[in-house]
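Asks: My questions will all concern the structure given below.
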Amino acid sequence: MYSDKVIEHFMTPQNAGTMPDAQAEGMVGDPSCGDCLVVYLKVEDGRIRDISYLVFGCAGAIATSSMTSVLAKGRTLDEAMAITEEDVISALDGLPPEKVHCSLLGVGALRAAIADYREKYPVNEGETYENSHTG
């Protein structure tokens with residue numbers, strides 16, 4: 001049913017946990033299945049230097065949250081915003097059709113956290129997050 005990568009990320013999730021000194025956070029929930037995810041970020045020079053999350057959900061939700069954090073860590077904010085559900089599913093070598101919706105949680109919470117960061121730490125006109133020293 002699940003690929004070896006899904007099982008690996010479920011059994012040993014990467015970057016899991018709270019981040020008390022996070023600069024931003026984003027939360028997403030799926031009422032249809034009860035899953036909930038909060039993503040925490042620390043950003044430096046426009047790059048995600050640290051990311052963690054708390055997830056309440058099934059094996060698919062845990063694995064996709066873990067993989068989303070792995071894919072986002074070290075990327076610029078724009079690169080992380082471009083991560084898609086398909087990227088997460090592909091990196092996990094697929095998901096069963098009934099678990100594909102789990103990938104929406106990770107990407108949605110990541111994007112919400114980035115939006116929260118950008119709202120809290122706006123850049124000056126003509127600058128980008130990569131060349132500002134915001135955050």
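Asks: Treating only the Cβ atoms of Lys and Arg (+1) and Asp and Glu (-1) as charged, compute the dipole magnitude of the range 1-131 about its Cα centre; round to the nearest 20 debye.
Replies: Using Cβ point charges on Lys, Arg, Asp and Glu, the range 1-131 gives about 240 debye.
Asks: With θ taken as phi - 60° and the coefficients 6.51, -1.76 and 1.60, list the Karplus ³J(HN,Hα) couplings across the range 99-104 in order, rounded to whole Hz; mark glycine and proline as x.
Replies: Working through the residues one at a time gives 10, 4, 4, 4, 5, 5 Hz.
Asks: If amide hydrogens are placed 1.01 Å from N in the peptide plane, which non-local residues have theirs closer than 5 Å to the one on Asp35?
Replies: HN-HN under 5 Å from Asp35: Asp30.
Asks: Next up: Relative contact order of the chain, please, whole-number percent, based on alpha carbon pairs below 8 angstrom and at least 6 residues apart.
Replies: Numbers: 263 pairs, mean separation 42.5, N = 135.
Computed over the chain, the figure is 31 percent.
Asks: Could you line up Cys58, Cys102 from fewest to most neighbouring Cβ atoms inside 10 Å? Show your work: numbers first, answer last.
Replies: Values: Cys58 15, Cys102 29.
Neighbour counts put them in this order, fewest first: Cys58, Cys102.
Asks: When the chain is treated as a GNM, springs tying every alpha-carbon pair under 10 Å, which of Val88, Val55, Val100 comes out with the largest mean-square fluctuation?
Replies: Val100
Asks: For the range 4-120, what Kirkwood radius comes out of the mean inverse Cα-Cα distance, in Å? Spell out each step's value before the answer.
Replies: Numbers: mean 1/r = 0.0734 Å⁻¹.
Hydrodynamic radius (Kirkwood, Cα only) of the range 4-120 equals 13.6 Å.
Asks: If you don't mind, another one. Report, by chain and number, residues whose modeled amide H sits under 5 Å from the one on Ala24, excluding near sequence neighbours (fewer than 5 apart, same chain).
Replies: Answer set, sorted by chain and number: Leu41.
Just so you know, all these numbers are worked out from the coordinates, no wet-lab data involved. If you're wondering where the values come from, they're calculated on a predicted model, not measured in any experiment. Cβ sites come from the backbone with ideal geometry, for glycine too, and all protein chains shown count toward neighbours.
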